[in-house]
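Have a look at the structure below before the remarks.
Since every read-out is calculated from the coordinates, none of them should be taken as a lab result. If you're wondering where the values come from, they're calculated on a predicted model, not measured in any experiment. Cβ coordinates were reconstructed from backbone atoms using ideal geometry, including for glycine residues, and neighbour counts include every protein chain displayed.
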Amino acid sequence: MYKVLSCRNRQCLLGITDSWNAVDVLVKFHRGSGVLCQKSAVKHPPPELPEMPLCDFRPEPYQGMSKERLLEIRKHSCNPMTMKVTYYKKPVFINQGYMQWLWDVDGRRYLDLFAGVATVSVGHCHPKVTEAAEKQLKRLWHTTPIYVYPQMQEYAEKLASLLPDPLKVVYLTNSGSEANDLAVLMARLYTGNFDVITLRGSYHGGSPQATGLTSNAAYKYPIASSLGCHNTMCPDVFRGPWGGSHCRDSPVQTIRECSCSPGHCQANDKYIDQLKDVFATTVPTRIAAFFGEPIQGVGGAVQYPKKFLKETYQLVREKGGVCIADEVQTGFGRTGSHFWGFQGHDVIPDMVTMAKGIANGFPMGAVVTTAEIASSFAKGVHFNTFGGNPLACAIASSVLDTIKEDRTQENSSDVGTYLMTELAKLRDKYEIIGDVRGKGLQIGVEMVKDKASRDPLPPEAMAEIFEDTKDMGVLIGKGGVYGQTFRIKPPMCITKDDADFFLAIFNQAVLNYIERR
Ligand code: PMP
């Protein structure tokens, strides 16, 4: 691909190679002569960095507003919150996406390992899903459940078939927060109890009700949102007071020592004691629900001792509560070993909430529960204009087919396990990489000042590594209560070559940070 650009004598062509960074490998030639005019003034990648894996998709050139204008409008016409969440010092301006790739408005390609926050499940603009969307767009965009139309029923049946008995009744929403709000409402109606327990560090959404469930100060406002919501200590076997070298269900264990006898986990007992304390001190004798993510997402891919959820579910049920699994991030095969994250904990929840990956980025969510619990919802009328929209259902249905056809769950397991095992080698090499964990393609890399203290690496240091990783062509996420954990939750179509590319870039970003000290 060649593009004419100006040079001092306005005689240059730019030869653009499809490399890790199109902009950085430009070489200018005098037009027609083939004579080297000058190497690109921009910095070249350090020689040891590999080339970005090839991609034969060609994005359309960007012809929209300038970056300056886009930022100006954001600043003046969009809520200031949208400036606050812009992820980088030098923001990324996205133009187009295809599978695991994103292109910015300058035509630069990025490997997307964050998937619009764990949301693009099968790949950006996956051709099969796009085709299903186009087909439905031409037939019917919208109607509501006041009429009967096939897409909603077809999808409900398909989704329910992927959940174990008795989780067979589906209610469709537009987002994860909405699904969680409804789950709380149903739990309260069904049990006749009010109080809900969540884990510290959890994120369950941004609606007034869901911020009550969320246990992370950054997402809380000084308003009365938490009535009836309580939390218990997160059984974080790396950062928490207890944890060892066998606790979690991950290809990589913590660096902490453990003296438990086989089959017994003392850390689990201690965290369960904390929950018992909450029962004894904080909630009434009967509760409505326990809410838990199978692996904390925004909290930084935090994993619990293997038996924690199973024992918790039993205790919660003894208190009259229902157990709700928030699968907004862990569902749809992301954890690799199973389709749902809860299956990795050997539990069957009473309700499952989902969103994000459900429709590969199209706004949608769902609550799936038992017929008995669902019937309590019918005590009143709940109407949702867009929930179960035919377009959303057609897309979500195609996503389910694609997960199966593309074997993305198996790919999550293979590539995710490989990536974590290799990241663990970097953890052993660098003092500031404290922990590597996760399952499948739900991965966390927790950064520390040093391994002995496990104190979180400060936000400015995190930001440096984060920005550098992006500047070298890879987008990842950040999370954790202290913003100390890098999050890797890519579209589930990434390859081992992509993983290798990221590993080299991340290694370099960490090295650059250390060398700058
Ligand atoms: N639950 C979890 C586990 C989430 O990660 C999120 C979003 N980050 C939500 C709920 C809320 O979903 P939404 O943003 O679609 O409302």
Taking the alpha carbon gyration tensor of the range 263-330, what are the square roots of 5 times its eigenvalues, largest first, to the nearest whole Å? 20, 16, 11
Ranked on Cβ counts within 10 Å of their own Cβ, fewest leading, Leu71, Leu102, Leu441, Leu423 go Leu71, Leu102, Leu423, Leu441
Ascending count of other beta-carbon atoms within 10 Å, so fewest first, for Val252, Val122: Val252, Val122
Summing -39500 (n - 2.57) over every DSSP H run of at least 4 residues in the chain and dividing by its residue count gives a helix-only mean residue ellipticity at 222 nm, to the nearest 500 deg cm²/dmol, of -10500 deg cm²/dmol
Inter-site label distance for Thr281 and Ser453 at 7 Å from Cα along Cβ, in nm: 2.8 nm
Could you size up the charge dipole of the range 75-227 around its Cα centre, putting +1 on the beta carbon of Lys and Arg and -1 on that of Asp and Glu, and report it in debye to the nearest 20? 480 debye
For the range 307-443, the convex hull over Cα atoms projects on average to an area in nm² of 11.0 nm²
At R0 = 51 Å the Cβ-Cβ FRET efficiency linking His142 and Lys90, nearest 0.05, sits at 0.85
Rounded to two decimals, what is the ratio between the C-alpha radius of gyration of the range 318-390 and 2.2 N^0.38 Å? 1.24
Degrees between helix 67-77 axis and first principal axis of the chain (Cα, 0 to 90, nearest 10): 30 degrees
Under the rule that an exposed site lies in a DSSP loop and has at most 11 other Cβ atoms within 10 Å, name the longest stretch of the chain with no GluC sites (Glu not before Pro) of that kind, not counting the sites themselves. 258-517
Debye log10 I(q)/I(0) at q = 0.12, 0.21, 0.25 Å⁻¹ for the range 48-142, Cα point scatterers: -0.53, -1.20, -1.28
Label the range 106-240 by shape, choosing from rounded, prolate and oblate, from the square roots a ≥ b ≥ c of the eigenvalues of the Cα gyration tensor; if a/c is under 1.5 it is rounded, and otherwise prolate applies when a/b is larger than b/c, oblate when it is not. oblate
By what distance, in whole Å, do the Cα atoms of the chain stretch along each of the three principal axes, largest value first? 83, 60, 44
Based on alpha-carbon centroids, what's the gap between the range 316-335 and the range 78-100 in Å, whole number please? 31 Å
Based on the Cα gyration tensor of the range 437-517, what are the three equivalent ellipsoid semi-axes, each the root of five times an eigenvalue, rounded to whole Å and given largest first? 21, 16, 11
Note to self: C-alpha centroids of the range 234-262 and the range 153-225 sit apart, in Å, by 29 Å
Under 17 Å Cα to Cα from Lys451, which lysines show up? Leave out anything in the same chain fewer than 8 places away. Lys425, Lys429
At 0.36 nm per residue, minus the direct Cα-Cα distance, what do Val117 and Met83 gain on full extension? Give it in nm, one decimal, please. 10.5 nm
Compute, for the range 297-401, the length of the dipole vector about the Cα centre, with Cβ point charges of +1 (Lys, Arg) and -1 (Asp, Glu) only. Units Debye, rounded to 20. 160 debye
Pull up the cross-link candidates among the lysines for Lys128, meaning alpha carbon to alpha carbon under 17 Å and not fewer than 8 places away within one chain. Lys138, Lys404
Among the lysines, select those whose C-alpha is under 23 Å from the C-alpha of Lys89, and discard any that sit fewer than 8 residues away in the same chain. Lys43, Lys67, Lys75, Lys449, Lys470, Lys478, Lys489
Charge dipole (the chain, unit charges on Cβ, about Cα centre) - positive-most of Ser121, Pro164, Gly107: Gly107
Rounded to whole Å, sorted largest first: equivalent-ellipsoid semi-axes of the range 392-446, Cα gyration tensor: 32, 11, 5
Cα-based radius of gyration of the range 267-382 once divided by 2.2 N^0.38 Å, which approximates compact folds: 1.13
Can you give the extra length, in nm with one decimal, that the chain gains between Tyr219 and Leu71 once fully stretched, where that is 0.36 nm per residue apart less the Cα-Cα distance? 50.9 nm
A correct fewest-to-most ranking of Phe93, Phe486 by other Cβ atoms within 10 Å would be Phe93, Phe486
Return the distance in nm (one decimal) between the two label points of a simple spin-label model at Asp269 and Leu426, each offset 7 Å from Cα along Cα→Cβ. 3.8 nm
Which value in nm describes the separation of the simple spin-label points at Val381 and Glu48, placed 7 Å from the Cα toward the beta carbon? 6.8 nm
Rounded to the nearest 0.05, FRET efficiency between Glu134 and Leu227 (Cβ-Cβ, R0 30 Å) equals 0.10
If you fit an axis through the alpha-carbon atoms of helix 408-429 and take the longest principal axis of the Cα set of the chain, what angle between them do you get, 0 to 90°, nearest 10? 70 degrees
Relative to the compact globular guide of 2.2 N^0.38 Å, what is the alpha carbon radius of gyration of the range 381-423, as a ratio? 1.81
Test item: Cα-centred dipole of the chain, Lys/Arg +1 and Asp/Glu -1 on Cβ, debye: 1140 debye
